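Visitor: Dropping a structure here in structure tokens format, bear with me for questions.
Derivation of every value follows stated rules applied to the coordinates shown; laboratory data play no part. Here the structure is a predicted model, which means the values were calculated and not measured. Methodologically, a virtual Cβ is constructed for each residue, glycine included, from the backbone with ideal geometry; neighbour enumeration extends over all protein chains shown.
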Amino acid sequence: MIRKFVRLIVLFIILSSSLLRADEGMWIPILIKKFNIEIMQEKGFKLSAEDIYSVNQASMKDAVMIFGGGCTADLISDQGLIITNHHCGYRPIQSHSTVDHDYLTNGFWAMSQEEELINPGLTVTFLKWMKDVTGEVLKGIEDGMSEEEMSDIKQENIDGIKKEAIEETHFTAQVKPFYYGNQYFLFVNETYKDIRLVGAPPSAIGKFGGDTDNWMWPRHTGDFSLFRIYAGKDNEPAEYSPDNVPFKPKKFFPISLKGTKPGDFTMVLGYPGSTYEYVPSFHLQMLTRDIYPELIDVRTKKLEIMQNAMEKSTELRIQYSAKAAGVSNSWKRWKGEIRGLDKLDAVIKKQEYEKRFMEWTGASSERNRKYGKLLERYEEVYDEIAPVRLGQSYLREVFFYNGVENISLASGFTKLVSMVGNDASPEEIDEVLESLRKRAASFFKDYDPATGDALAVAMLSMFDENVPEEYYPEEFRKIMEKYNRNYQTWIKKVRKKSLFMDEETLLSFLNSFKTSGVKKIKKDPIYMLVQSAGETYGKIHSEYGKLNQDLESLHRVYMKAQMEFEPDKLFYPDANFSLRVSYGEVLGYDPRDAVFYKHYTTLEGVIEKDNPEIYDYDVPDKLKELYLKKDYGRYSQDGKIPICFLATNHTTGGNSGSPVIDAEGNLIGLNFDRAWEGVMSDLMFNAGQCRNISLDIRYALFIIDKFAGAGYLLDEMTLVE
Ligand code: ARG
Ligand code: GLU
């Protein structure tokens, strides 16, 4: 099937490549040569497919990596220097920040390699090579097998493929399904573990505009930070050691100072997380009607409480800013997705498509047998899964994600309780106590009792009002009944009774801990609530998992059917956090009637937004000075410092930090966001409205050189003028 589909696609490209102008798609690096390179070259790309991905020669894939858990980073020197977003480096930067060295607020710049800061746990992962292993994975699968049988066989095959691929190497292997399991690829990766912080601008640059400007254009955020990869003397991955040396890469990106204009070719290489482009209309209905509105309400409440607190004092602002940024990010995107899908009539478009699909299916008895019941079955499963998904999400929001905050602290005590129950040695227990002390310190550093209580009361009340009883944790039901739905009274009582409400109480408990203390933990109201919520969550999660498996197998069949239904269409696989290539061009757009958005912003706009009263818009004095003196060096275009630009590349979460490459293969920007009107692109792309937002690389260079005085870093880069 796949082979036939590939032949059809190749034929189609040859016949009608000029029809495929839209920039939608996240393409597979090893298939660029087959499917995309001609279109890319037609759009202006001057290099070859081997320049992007090759196993035999150094190629761009050797300069792009997964950064931490969910971002992308790019090599920009032959000494292991990498650049990613400020929001991707946020945690490491924060972890080095104290009141005396507030790197988040003031920025951090190593003035030599000796001054770079170590980040235990931070890694980067390179793709060494990849391969289509569909045949191997599906070996032994026969018609008529049950889902379980098939899944067992596939898993066994996958284990074998992975084992063989990395035998006698320090590499790791992954096999990922594409097109919902109609195709499989093997990825062999290499992970480096000594990654040091080199530089980060102040938040007033790196996070300029904060949550207000997030997902929006015009944008003026200098969203970048610099790190360096260190390796053992043999240039191979090594745990941190002072003897490690800067990593010597096969390939790094030269940086272009030439600037951009509308229509210029752009390419983004990176790790998009997940998209759902081929799901039926029921999926969009579920999200926009059943799930998002409820979650938006929950988060609106959280943000109201947090923002109210953050306006009260600097301390409160610091305590709640990272939490609020996290809560706000998806909250805002969900709203944008609802709006974007609505404006696109996405559900109606899908329904029309489904109608045509059913007509096509009905026209052949063979197809009718294979696909005739698909949509009916989909409807049933979506009807079943929607409330479960909502229950699961609600439970998470209230109990496990910035809702009743102390729960996250108490959940860490499960380990202590079970160790004591299993007669662990005093040394082992001491170790856990020590880690709990650390956990308590970091929890209370970012916790305000009044705000925490307000959040807890609001969240439990919303849970009570909006969630069907079948999803209530047992402890919650007891609280509801005992306190007659008055959660304010409950929290007052808990504040007096629980170990987990203030640092002093908890630390003195830990410091004088005896194994008999476990009884006290087990009877603690917060601890009891965690246990109970965790249990309920586990139950819902497995129920959801089963239904989701049903969906996944329907997706697999529907995907295959759609490819047969539209044999002339070039399908790109949904994102799955594997390396992808998207291409497009620099371009502005019309967000609404009578308004046109230019493709780039400048420092003038930063100054326009300057407002010392608002933390997120408080432009640093040094930057204002540079602006007044027009001390721009080589980094300006038409006398102005460029800040961000728009392009038509199809991107999603995970693409943060991805390199934006020009026609010659030089770095021109750093992807960090999408524009509001196009955030529904995870579900349906609209070429007229979907834009990725990138930092203009010249702004990063300007900040490093003129603002930070760390111009020595530019000496190791290759600048193209
Ligand atoms: N919207 C971007 C992304 O999805 C940036 C998020 C970080 N910034 C923020 N203000 N919360 O990751
Ligand atoms: N900021 C997102 C990230 O962290 C990228 C924006 C998007 O979703 O496209 O990956």
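Visitor: What number, rounded to the nearest 500 deg cm²/dmol, is the helix-based mean residue ellipticity at 222 nm of the chain, given -39500 (n - 2.57) per DSSP H run of at least four residues and division by all its residues?
Guide: That comes out to -14000 deg cm²/dmol.
Visitor: Sticking with this structure for a sec: Beyond a 18 Å Cα-Cα separation, which of these cross-linked pairs lie in this structure: 33/131; 438/523; 131/162; 154/373; 207/251; 46/250?
Guide: 438/523; 154/373; 207/251; 46/250
Visitor: Return the aspartates and glutamates within reach of residue 370: Cα separation strictly under 13 angstrom, same-chain partners fewer than 8 residues apart disregarded; answer none if there are no such residues.
Guide: 143, 564
Visitor: For residue 194, which sequence-distant residues (separation of 5 or more, or a different chain) have an amide H within less than 5 Å of its own amide H, given hydrogens modelled in the peptide plane?
Guide: Sorted by chain and number, the residues that satisfy this are 230, 238.
Visitor: Same structure again: Starting from the Cα gyration tensor of the range 306-440, take the square roots of the eigenvalues, sort them a ≥ b ≥ c, and report rounded, prolate or oblate (rounded when a/c is under 1.5, otherwise prolate if a/b is larger than b/c, else oblate).
Guide: oblate
Visitor: Grab the other residues whose beta carbon is less than 12 angstrom from that of residue 131, score K and R as +1, D and E as -1, and report the net.
Guide: Result for the neighbourhood of residue 131: 0.
Visitor: What Cys residues in the chain are without a partner cysteine, judged by a Cβ distance under 4.7 Å?
Guide: 644, 690
Visitor: Another question, if that's okay. Past the 24 angstrom mark, what percentage of all C-alpha to C-alpha distances in the range 579-721 do you count?
Guide: Working: 3926 of 10153 pairs.
Beyond 24 Å sits 39 percent of the P(r) for the range 579-721.
Visitor: Another question about this same structure. Mean projection of the alpha-carbon convex hull of the chain over all orientations, in nm²?
Guide: Orientation-averaged projected area of the Cα hull: 33.4 nm².
Visitor: If you don't mind, there's one more thing I want to ask. Tally Lys/Arg at +1 and Asp/Glu at -1 over every other residue whose Cβ is under 14 Å from the Cβ of residue 224; what's the total?
Guide: Local net charge: -2.
Visitor: Another one. Structure shown: which of 355/560; 302/332; 478/546 lie over 21 Å apart, alpha-carbon to alpha-carbon?
Guide: In this structure, 478/546 exceed 21 Å between Cα atoms.
Visitor: Tell me the net charge near residue 514. Cut-off is 13 Å between Cβ atoms, residue 514 excluded, with +1 for each Lys or Arg and -1 for each Asp or Glu.
Guide: For residues surrounding residue 514, the net value is +1.
Visitor: Now a separate question. Is the range 497-655 rounded, prolate or oblate when judged by the Cα gyration tensor, a ≥ b ≥ c being the square roots of its eigenvalues, rounded requiring a/c under 1.5 and prolate requiring a/b larger than b/c?
Guide: Oblate shape, in that a/c is at least 1.5 and b/c is the bigger or equal ratio.
Visitor: I need 416, 75, 667 ordered by Cβ neighbour count within 10 Å, fewest first.
Guide: Neighbour counts put them in this order, fewest first: 416, 667, 75.
Visitor: Quick one: order 217, 490 by neighbouring beta-carbon count within 10 Å, fewest to most.
Guide: Numbers: 217 23, 490 19.
By the 10 Å Cβ count, ascending, the order reads 490, 217.
Visitor: Which ³J(HN,Hα) values in Hz, rounded to whole numbers, follow from the phi angles of the range 706-721 under the Karplus curve 6.51 cos²θ - 1.76 cosθ + 1.60, where θ = phi - 60° and Gly and Pro get x?
Guide: Result, ordered by residue: 7, 7, 8, x, 10, x, 4, 5, 5, 4, 8, 8, 10, 9, 10, 9 Hz.
Visitor: Within straight cross-link reach of residue 261, meaning Cα distance under 18 Å, which aspartates and glutamates are found once same-chain residues fewer than 8 apart are removed?
Guide: Reachable aspartates and glutamates: 23, 42, 585, 590, 638, 662, 664, 696, 721.
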